[in-house]
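Throughout, read-outs are computed from the coordinates displayed, never taken from laboratory work. Note that the structure is predicted; figures quoted are calculated from it, not measured. Glycine also receives a Cβ, built like all others from the backbone with ideal geometry; neighbour counts cover every protein chain displayed.
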Amino acid sequence: MTALATELAATMRTPLLETRGLSKHYALQRSTRAWLRREPGEVLRAVDDVSLAVLPGRTLGVVGETGSGKSTLGRLVLRLERPSAGQVLLDGQDVASGGGAMSHRLRRDVQVVLQDPYTSLNPHETVGGALAEVLKVTGSVPAAGRPARVAELLDQVGFPSGWAGRKPGQLSGGGRQRVSIARALAVGPRLLVADEPVSALDVSVQAQVLNLFQRLQSELGLAYLFITHDLAVLERIADDVAVLYLGKVVEQGPAEALFASPAHPYTQALLAAAPKLGRRRSTTSAVAGELPNPITPPSGCTFHPRCPAAMAVCREVVPLTTTTATGQRVACHLYPGSTPGTEPPVRPPSTPASGAAAVSHPAPSPGGTR
Ligand SMILES: Nc1ncnc2c1ncn2[C@@H]1O[C@H](COP(=O)(O)OP(=O)(O)OP(=O)(O)O)[C@@H](O)[C@H]1O
Ligand code: SF4
Ligand SMILES: [Mg+2]
């Protein structure tokens, strides 16, 4: 390999965005009674010790049931919330300790696309006017160049140029989402945090908007942190997937390996319940059993009350994260290395970390000992 090729390969591996041990714990207000009794306040661990990486030009999908911490994670990455612990790094630099210049870079490089663009679009403003306003406010394009840039943005999201004079109320849900994507693109970001960007759309429109995300990625080299409750959406769009349960990552790895051989019983349950794209069904209630109260999560593995493979150890001991033979990082006592005191499996040198190897994880038995 030439020196340039080596350097390029190294650059490709440096995450554009990384979270290290990122946590958001909300201290809840104490009741008067608790206050009078001087009882400690309750804490909700919305995001708990999450370490993830998004590589340039790639899509990291984040999936989990409602309340698993997906949007909180997105807000932490965007610095809309302060973390309780941990770091967010952009190009390897901690955004919290980078001062004003770093905040500016984060605002330029990382933009957001939300589920419901209607709430963030001014109903009285035309599409072209809204985009021109972003260009003006951010100072990214001088006045003379704005009409051309607006036309370019609309073209990029497949919006007929004649529609620049339309207002949000005159557009379909898919049209409005295209406008919000164009608005996110206006400052030339490298990463989009997309929080349930297709969840409110009809299934046929979902496919069109996902196609648009894919086309923009290949044309502009964008990276995505793509948040959804729908694994079928991630099967279509993600390169890597992280599965959140009660604020913690229970499994993460290359999408191909994770969909071919999901390791964690929670991922398996989500996948078993996930519809194929085009047949809508929410994972909100797809997994058997109630989502526990996040303020008083179960002991040991927090999934144990709902897990068909739960063992005695699961109620007592928090599983550590280990790597499976197929390349996923998983926190589950079914895997050697997850129970403190056990050895992680030795990966044969030829086994690719991308997870293309054959399935060799232990399958949880539905009648596991409880
Ligand atoms: N400001 C806050 N104060 C206290 N608790 C909060 C706050 N924001 C979020 N939470 C709690 O944090 C947990 C994670 O919420 P979050 O909105 O991140 O979940 P989510 O995975 O995005 O859910 P959904 O799929 O419904 O959008 C939930 O239990 C939620 O009630
Ligand atoms: S087997 Fe145990 S550790 Fe693994 S998911 Fe089930 S309850 Fe959790
Ligand atoms: Mg959310």
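List of remarks:
- For Ala27, net neighbour charge (Lys/Arg +1, Asp/Glu -1) across residues whose Cβ lies under 12 Å away: +2
- Once the Cβ-Cβ distance of Ala96 and Trp35 is raised to the sixth power relative to R0 = 41 Å, the FRET efficiency obtained is 0.80.
- Assuming charge only on the beta carbon of Lys and Arg (+1) and of Asp and Glu (-1), the dipole of the chain about its Cα centre is about 720 debye to the nearest 20.
- HN-Hα J in Hz across the range 139-153 - Karplus 6.51, -1.76, 1.60, θ = phi - 60°, x for Gly and Pro: x, 7, 9, x, 3, 5, x, 5, x, 5, 5, 4, 4, 5, 5
- Between the residues Val77, Ser204, Gly139, the greatest Cα displacement towards the positive end of the dipole of the chain, with unit charges on the Cβ of Lys, Arg, Asp and Glu, is found for Gly139.
- Rounded to the nearest 10 degrees, the inclination of helix 127-138 to the longest alpha-carbon principal axis of the chain is 80 degrees.
- In degrees, nearest ten, helix 173-185 long axis to first principal axis of the chain (Cα): 80
- Placing +1 on the Cβ of every Lys and Arg and -1 on the Cβ of every Asp and Glu, with no other charges, gives the range 116-179 a dipole of roughly 80 debye about its Cα centre.
- Projection of the Cα convex hull of the chain, averaged over all directions and equal to a quarter of that hull's surface, yields 22.9 nm².
- Computed FRET value (nearest 0.05) for Glu219 with His25, which takes r as the C-beta separation and R₀ as 41 Å: 0.55
- Highest mean packing comes first when the peptides 53-60, 322-329 are listed by Cβ atoms within 10 Å, giving 322-329, 53-60.
- Amide N of the range 160-200 lying under 20 Å from the label point, which is placed 7 angstrom from the Cα of Arg105 along Cα→Cβ: 187-193
- For the range 211-271: rounded, prolate or oblate by the Cα gyration tensor [a/c cutoff 1.5]: prolate
- Summed residue charge, Cβ within 11 Å of Glu290's Cβ, Lys/Arg positive, Asp/Glu negative: 0
- Across the range 205-221, rounded Karplus estimates of 3J(HN,Hα) from the backbone phi angles (6.51 cos²θ - 1.76 cosθ + 1.60, θ = phi - 60°) give 6, 3, 4, 5, 6, 5, 4, 4, 4, 5, 5, 4, 5, 6, 7, 10, x Hz, Gly and Pro being marked x.
- Local electrostatic count at Thr228 - Lys and Arg +1, Asp and Glu -1, tallied over other residues with Cβ under 12 Å: -3
- Using the Cα coordinates of the range 125-166, the gyration tensor eigenvalues translate into equivalent-ellipsoid semi-axes of 17, 11, 8 Å, sorted from longest to shortest.
- Rough spin-label spacing in nm, given labels placed 7 Å along Cα→Cβ, for Asn293 and Arg166: 4.8
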